[in-house]
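Quick note: the coordinates plus some simple rules give every number you see, no bench work behind them. Nothing here was measured: the structure is a model prediction, and the numbers come from that model. In this analysis, Cβ positions are derived from the backbone assuming ideal geometry, glycine residues included, and neighbour counts consider all displayed protein chains.
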Amino acid sequence: MESHWLVLVSLALGLAIGAGLMYLFHYAAQRGRQVADVVAPTVPDGVSQVLDVLESAGIVIDPSGNVVKASPGALALGLVWDGRLAHPEFDELATRVRETGAPAVADVDVSKGRFGDAVRNLQVRGARLGTRYIVLLAEDHTEAVRLDEVRRDFIANISHELKTPIGAVSLLAEALEPASDDPVQVRKFAARLSAEAQRLSKITAEIIDLSRLQSADALHQPTLVDLERVVAAAVDRNRVAADATGVTLVAKSAKDAYVYGDEALLVVAVHNLISNAIHYSPAGSRVGVGLRHADDAVEVSVTDQGVGIPEEDRERVFERFFRVDEARSRHTGGTGLGLAIVKHTVQNHGGDVRVWSQVDHGSTFTIRLPEASKVTPVPELSGDIRKETR
């Protein structure tokens, strides 16, 4: 073969080999990228930014069930563990979406932590994200579920509480007619009718007060309130009851104890605490009411020497209609709403209420409110009121 043909054949062979090598390099690079996508997948553009600002808990998973992206909310709720979904219910929902291709919704109860029995009620929505990924969005409905349970309990309780005085009024009214010729019996039935009517009126009034406190605008126009005056008014309301039961009522106040809020509501709250203390105290004992400054707050404490509250009941005393001693409470005319009103009043004023108690030694209820001189005056207050702030 002539030399120029050899050169041409060699050149063609070199080009073929070079093209083959280039193809192999390109194929290897493409496979490497595919493997990298499987090992370290990335979500579509913009999804990460959306998940980072999402209020709901958001999770993106790949076809293998690996979590490729999770929002801060999902991590805070403990929905992701070691790169996987922490709860099998989420895996089941993702599998359903992957198999059907249609969005799905499920209500899932998950534990709040690794210890304890408390649970969160989550509503989880799943949908496809592109062709490879599944996105899960979880909203925490725990508070809504709790409020719904409280509402159902409240309706059941109020039906029971109103049934008793209404039934008594009906029976007493029926008994009056046969006893019309007996003045003694008429007076007796009339007195009991009056007592039941007062009880019914008190329950109704406290239900209205509680509903008002739970409304969004319970304190739409707060003013500067002198807690020394609040304590004095609440103590005066209970002087007669204390004297009638042989309980000594002692009050100690502090000067310049101001808060922003509703004076009438605060008087009712302190009055309820003092009234409870008197009712649950034996004759000859003392009920103390104290007002003091504590750091950036003002505290009102009511201490009695009564029967005390068992430890298992202390967390429940602020629930509507809850009574530690059912028989004694009915005997004293209690409705079971007084401490619930205290709790909501204090919460509406930005404070809290605490209880210390020891069975057979008494209890102390403490209202803690932010001091007016330590908080920013609200816009509704007039210039004259602002000048009174220390």
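Things worth noting here:
- FRET efficiency, 1/(1 + (r/R0)^6) with R0 56 Å, evaluated for residue 187 and residue 144 via beta carbons: 0.60
- Karplus-derived 3J(HN,Hα) values for the stretch 279-286, using 6.51 cos²θ - 1.76 cosθ + 1.60 with θ = phi - 60°, are 5, 9, 10, x, 4, x, 8, 10 Hz; glycine and proline are entered as x.
- Full extension of the segment from residue 171 to residue 17, taken as 0.36 nm per residue of separation minus the current Cα-Cα distance, would add 44.5 nm.
- For the stretch 56-146, relative contact order (Cα pairs under 8 Å, six or more residues apart, normalised by length) works out to 29 percent.
- Label-to-label distance, nm, for residues given as residue 255 and residue 195 (7 Å Cα→Cβ offset): 4.7 nm
- Built amide H within the under 5 Å cut-off of residue 297, gap 5+: 371
- Label-to-label distance, nm, for residues given as residue 360 and residue 81 (7 Å Cα→Cβ offset): 4.6 nm
- Residue separation of residue 107 and residue 248 scaled by 0.36 nm, minus their Cα-Cα distance, works out to 45.2 nm of gained length.
- The slack in the chain from residue 311 to residue 123, taken as 0.36 nm per residue of separation less the alpha-carbon distance, amounts to 64.2 nm.
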